[in-house]
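The values are calculated or read from the model by the stated rules, or taken from the named source; none is laboratory data. Model, not experiment: these values are computed from the prediction. Cβ coordinates were reconstructed from backbone atoms using ideal geometry, including for glycine residues, and neighbour counts include every protein chain displayed.
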């Protein structure tokens, strides 16, 4: 797969918005989140403090690396809803160039309605995961 074969962040955001817009009821949207989160995998040997995302009430383990011009992300949570939120972020930002990750605002979070339908602790966790994801891309851009 080459960079030209991959969707852009903006296309991924539109796809996620379309997916969630299909469901009128928030119970169905939560079911979709849970389903997406259940598909995440993360090595058990990395489920240690060194990989924990700070600022999340749930435990969220996260790893990122840069390879072949794009960022690669992987993670999981002990909470099914939070794993689903992480899965949404990974669907949008995984396998994207670091500059695009840093430059593209996460407007899709508002457009889906997460800001109005998540508890304050889940909103904080989502923000912490997004900040961590973008910071790892910034770290690559700032590396010597």
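Need the failing condition index for residue 23 against (1) in contact with a helix residue (DSSP H, G or I) (Cβ under 6 Å, 6 or more places away or on another chain); (2) surrounded by 14 or more Cβ atoms within 10 Å (Cβ to Cβ), just the number.
(2)
Can you tell me how many residues within the range 26-62 are surrounded by fewer than 17 Cβ atoms within 10 Å (Cβ to Cβ) and part of a strand (DSSP E or B)?
Number of matching residues: 1.
Go through the range 106-128 and give me each residue that's assigned to a loop (DSSP other than H, G, I, E, B) and within 22 Å of residue 54 (Cα to Cα).
Applying the first criterion (assigned to a loop (DSSP other than H, G, I, E, B)) to the range 106-128 yields 106, 113, 118-119.
Selection gives 106, 118, 119.
Filter the range 26-60 for residues that are over 18 Å from residue 74 (Cα atoms), in contact (Cβ under 8 Å) with a residue 24 or more places away in the chain and out of contact with any helix residue (DSSP H, G or I) (no Cβ under 6 Å at 6 or more places or on another chain) and give the result.
Hits for the range 26-60 are 30, 32.
Condition first: modelled with pLDDT of 95 or more and under 14 Å from the mean Cα position of the chain (by Cα). Now tell me which residues in the range 43-70 satisfy that.
53, 60, 61, 62, 63, 64
Taking the range 71-105 as the search range and keeping residues that are touching a residue at least 40 places away in the same chain (Cβ under 8 Å), in contact with a helix residue (DSSP H, G or I) (Cβ under 7 Å, 6 or more places away or on another chain) and not in a helix (DSSP H, G or I), which one is nearest to residue 125 (Cα to Cα)?
77
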